[in-house]
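Colleague: A single structure is presented below for examination.
The values are calculated or read from the model by the stated rules, or taken from the named source; none is laboratory data. Only a predicted model underlies this, so the values are computations on that prediction, with no experimental measurement involved. With ideal geometry, Cβ positions are generated from the backbone for all residues, glycine too; neighbour counts draw on all protein chains shown.
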Amino acid sequence: MNRHQDPNPFEEEVNPFSNGAGAPGSKSRIPQLSSEPVGFGQKHDATVDIPLDVTTDSKKKGQELAAWEADLKRREKDFDSFKMYTQEIKRREEAVAKAGVPVDDKNWPPFFPIIHHDIANEIPVHAQRLQYLAFASWLGIVLCLVFNVVAVIVCWIRGGGSKIFFLAVIYALLGVPLSYVLWYRPLYRAMSTDSALKFGWFFLFYLIHIAFCIFAAIAPPVVFHGKSLTGILAAIDVFSDHVLVGIFYLVGFGLFCLEALLSLWVLQKIYLYFRGHK
């Protein structure tokens, strides 16, 4: 058998790597690739433009979202801190209540509580009488200052001028709370806790209180306006002009005298108690 006689089976095939299209009259089995770019159903691809405003807005919104998230976390942290603080206060109040320590709740006067006052339960039995005397002394200065305002109002109506009225009101508005804070409350604490420092604080300011009562009972026309305090000199001055005003001033003078005497007695009693107790 002569192999050279056999036909070449690949004779009719087209060489895909050849530059030509194959033999004349023959068809290529591999389709030619198009030189045009492939698009999305269009003949030519279109350029997509992304606006810069969209990118800027996205960044701005992202920054706002991050800031809002940080603020939210900060608020949550503050709320947690406040919650822990309230829980700590509640825990301490419960511990104080269990320990039997009295809480300074406002209970006096009963019709409109503004201060804490419970001598029967917080002051030792042997010191309660002195504490009641000191409390009477504090109520006495309150009465003196309030009546002083009333008497000065009567004098103002009778032509005494508005200046003395405003001064009398200032004495009352300052004298009542300051006397409670500066000497009565320290004495209350000293009696309940037996604190020497509180006793010293009481003696210092109670002497100032007694000096003021003596000064008000005299009411000299120095430092303060003479008729703004219902002392004896002011009473003599207004009595010649208006008898009614003079009567009010004489009553005020008597109240300041009684308050000064009561305060001296209370000071002596508390000093003896302090010396004997120590």
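Colleague: Residues in the stretch 86-101: is at least one out of contact with any Gly (no Cβ under 9 Å at 6 or more places or on another chain), loosely packed, with under 10 Cβ neighbours inside 10 Å and modelled with pLDDT of 85 or more?
Modeller: There is no residue in the stretch 86-101 that is out of contact with any Gly (no Cβ under 9 Å at 6 or more places or on another chain), loosely packed, with under 10 Cβ neighbours inside 10 Å and modelled with pLDDT of 85 or more.
Colleague: Could you please give the count of residues in the stretch 231-278 that are without any contact (Cβ under 8 Å) to a residue 24 or more places away in the chain and not in a helix (DSSP H, G or I)?
Modeller: 1
Colleague: When you scan the stretch 205-226, do you find a residue that is assigned to a helix (DSSP H, G or I) and under 20 Å from Ile123 (Cα atoms), even just one?
Modeller: Yes.
Colleague: Could I ask something else about it? Do we have Lys227 as in contact (Cβ under 8 Å) with a residue 12 or more places away in the chain, of a type in the set (Lys, Arg), closer than 19 Å to Leu145 by Cα and out of contact with any Pro (no Cβ under 6 Å at 6 or more places or on another chain) here?
Modeller: Yes; evaluated as a whole, the condition is true for this residue.
Colleague: Can I ask one more? Give the residue that is nearest to Ser137 (Cα to Cα), with candidates limited to residues of the stretch 219-246 that are surrounded by fewer than 15 Cβ atoms within 10 Å (Cβ to Cβ) and of a type outside the set (Ser, Thr, Tyr).
Modeller: Filtering first and then ranking leaves Pro220.
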